[in-house]
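These notes are about the structure you will find just below.
The values are calculated or read from the model by the stated rules, or taken from the named source; none is laboratory data. Here the structure is a predicted model, which is why all the values come from computation and not from measurement. All Cβ positions, even for glycine, are placed from backbone atoms using ideal geometry, and neighbour counts span all protein chains on display. Accessible surface is based on the protein model in full, side chains and every heavy atom, while ligands, DNA and RNA are left aside. Shrake-Rupley method; radii C 1.70, N 1.55, O 1.52, S 1.80 Å.
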Amino acid sequence: MKLIQIPVACFILSMFFVTDAHAMHISEGILPLNWAAFWLAVALPFVAYGLWKMKKMSSIDVSFKPLVGLMTAVVFIISCMPIPVPTAGTCSHPCATGISGILLGPAMSVLITSVALLIQALFLAHGGLSTWGADIVSMGVIGSFTGFLTFKAFRSFGAGIAAAGFMAGLFSDWATYLTTSVELASGISGDAPFFPLFSKIVIAFIPTQLPLGILEGAMTAGMLRLLYNKRPDLLVKMRVLRPEEAI
């Protein structure tokens with residue numbers, strides 16, 4: 001229950017700040033049933049593994065669930081900032097799965113994203129229930145693992161925590177939208193060739209997603225730098241830093 005309490009509270013608070021609604025993520029009904037079922041089948045093992053890992057980690061550390069709840073709220077709020085892309089049948093928006101993947105690991109980040117996406121689909125009409133699996137794959141699986149692996153790779157090459165965080169946030173964001181483009185093109189192309197439609201969707205995303213990726217990179221770097229300056233012990237606890245690297 002603690003996992004969803006903070007996002008639910010954020011939803012209740014959002015009712016006091018009503019704005020025009022826009023369809024978020026991949027909209028309901030965009031994907032044919034067979035493709036929607038396929039992406040759900042891909043997503044569910046990752047979600048199940050995240051649930052197993054959360055149970056395991058929370059049995060070791062009682063503070064783990066509150067951290068998961070807090071990060072769920074972060075992903076929920078940040079991914080609720082839509083920039084409509086009518087030509088692509090969806091919206092551009094920051095995702096925050098890069099930072100959640102870095103701090104809690106990609107498996108937990110997938111679970112966090114699935115909860116945030118489900119609440120958005122149920123209560124805010126952002127995304128859809130039929131496209132929940134596809135949204136989890138693009139934003140949760142690909143975004144989280146790309147951010148995590150990019151951060152680890154740049155750190156192994158000697159990059160600072162802010163520089164590695166910037167590249168992780170940037171690549172996580174762009175990878176999410178490349179995957180969304182693949183999902184949309186494969187689902188709606190029918191008998192038409194895949195790559196021409198895929199190229200058109202990618203091009204449709206570029207005007208919004210290119211700067212948003214840079215913004216998300218800066219946001220990820222800033223959050224990591226803030227934690228490094230204020231709470232390096234948390235970064236050590238979450239295995240982002242080695243003990244000797246903490247201030």
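Within the range 1-48, the set of residues being open to solvent by 40 Å² or more (accessible area, probe 1.4 Å), at pLDDT 50 or above and not in a helix (DSSP H, G or I) comprises 28, 29, 30, 32. Only one of the numbered conditions (1) surrounded by fewer than 18 Cβ atoms within 10 Å (Cβ to Cβ); (2) at pLDDT 90 or above is not met by residue 210, and that is (2). Residue pairs whose Cβ atoms lie under 8 Å apart, sitting 6 or more positions apart in sequence or on different chains, and linking a residue in the range 203-217 that is in contact (Cβ under 8 Å) with a residue 60 or more places away in the chain to a partner that is open to solvent by 80 Å² or more (accessible area, probe 1.4 Å) and of a type in the set (Ser, Thr, Tyr), are 204/87. Residue 236 meets all of the listed conditions (1) of a type in the set (A, V, I, L, M); (2) open to solvent by 80 Å² or more (accessible area, probe 1.4 Å); (3) within 30 Å of residue 58 (Cα to Cα) but one, namely (2). Residue 75 falls short on exactly one of the conditions (1) of a type in the set (Val, Ile, Thr); (2) open to solvent by 20 Å² or more (accessible area, probe 1.4 Å); (3) within 20 Å of residue 239 (Cβ to Cβ), and that condition is (2).
As a summary of the residue check, residue 140 satisfies the conditions (1) touching a helix residue (DSSP H, G or I) at 6+ places or on another chain (Cβ under 9 Å); (2) over 22 Å from residue 45 (Cα atoms) except for the one numbered (2).
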